[in-house]
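Following: one structure in structure tokens, then a few remarks.
Just so it is clear, none of the values below were taken in a lab; they were calculated from the coordinates. Note that the structure is predicted; figures quoted are calculated from it, not measured. Cβ coordinates were reconstructed from backbone atoms using ideal geometry, including for glycine residues, and neighbour counts include every protein chain displayed.
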Amino acid sequence: MRQPIIAGNWKMFKTRAETSAFFDALIPQIQDVEHCDIVIAPPFISLATAAEEVDGTRVAISAQNLHWEENGAYTGEVSVRMLLDAGCKYAIIGHSERRQYFGDTDEWVNRKTRAALKGGLQAIVCVGETLAERDAGRASEVVRRQVAEGMAQLTEPDLSHIIVAYEPVWAIGTGRTATPEVAAGMHAEIRKIIAEIQSKAVADTIRILYGGSVKPDNISALMKKEDIDGALVGGASLDPASFAAIIKYI
Ligand code: PGA
């Protein structure tokens, strides 16, 4: 039985005051929720505020990125130790915006993932093809490479702390969600790849989230699919009412 996860990725939105206001509005709406894990990923500067706000609730806090070194002369970067200190339990790694705009490679994704796991964070590792790659019939090949290289050198116990997020780039922030069938097809394929590179047991237990224009009105259909274990939500996670509605998809 894979416990579903609904995770919100705020990207570069919300100050600390806006973070507090969000949780003041969200928490009362989700008091009774037990069917899924709930995660929010604010910008670095608001992590500690967010962690204080969710203390004693079922909501966990995630970083949106990290550096793999513990300390050092890496201007602008934040280490796993700092994220733990701020109250993080998860880290998003290899988001397509990091890959597209900030040069994250599969090798970096692997280094960041290993650093996150070593420090005790749960890693949400993002994969997904661009529109050009899909149109060229290369979606499977790209996702296979991202999964295999991003998760290289990981042991079976490591993989129990990994969550994969399949986020087709053409569906992110575009309002163009992958249909539940397209998403579920790729999720099944990702599970097959993990079975090949690790084991069937790992593939059967690893949680695979869908991301890309998830909204209150499309979440239920996505969650009905066997291989979709949750969602990574961008835009619709910024508003407490719409994020609460997504969390309460059943
Ligand atoms: P979106 O973003 O829900 O706004 O499409 C998803 C993501 O990038 O994680």
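Protection proxy ranking, highest mean first, for peptides 201-209, 6-14: 6-14, 201-209, where packing is the per-residue count of other beta-carbon atoms within 10 Å, averaged. Comparing G150, G185, G72 in a Gaussian network model of the chain (Cα springs below 10 Å), the most mobile by mean-square fluctuation is G72.
Arrange the following residues from fewest to most other Cβ atoms within 10 Å of their Cβ: K112, K215.
On the way: K112 24, K215 15.
With the sparsest Cβ surroundings first, the list reads K215, K112.
For the peptides 101-108, 41-48, the ranking by mean Cβ contacts within 10 Å, running from highest to lowest, is 41-48, 101-108. The value of relative contact order for the chain, using C-alpha pairs under 8 Å at least six residues apart, is 21 percent. Expressed as a fraction of 2.2 N^0.38 Å, the C-alpha radius of gyration for the range 5-247 is 0.95.
Of all lysines in the structure, the ones whose alpha carbon falls short of 25 Å from that of K248, not counting any fewer than 8 places away in one chain, are K11, K14, K89, K215, K224, K225.
Along the axis of the charge dipole computed for the range 59-117 (Cβ charges of +1 for Lys and Arg, -1 for Asp and Glu, origin at the Cα centre), the listed residues S96, W108, A60 are led at the positive end by A60.
For H95, H161, H67, the sequence from fewest to most other C-beta atoms within 10 Å is H161, H67, H95. What the pair-distance distribution of the range 114-202 shows, using all Cα-Cα distances binned every 10 Å from zero, is 16, 48, 28, 8 percent.
Find the Cα radius of gyration of the range 1-103, compare it with 2.2 N^0.38 Å by division, and give the number to two decimals. Intermediate results must be reported in sequence, preceding the final value.
Numbers: Rg = 14.2 Å, N = 103, 2.2 N^0.38 = 12.8 Å.
Rounded to two decimals, the normalised Rg is 1.11.
Distance from the C-alpha centroid of the range 151-167 to that of the range 190-250: 16 Å, rounded to the whole angstrom.
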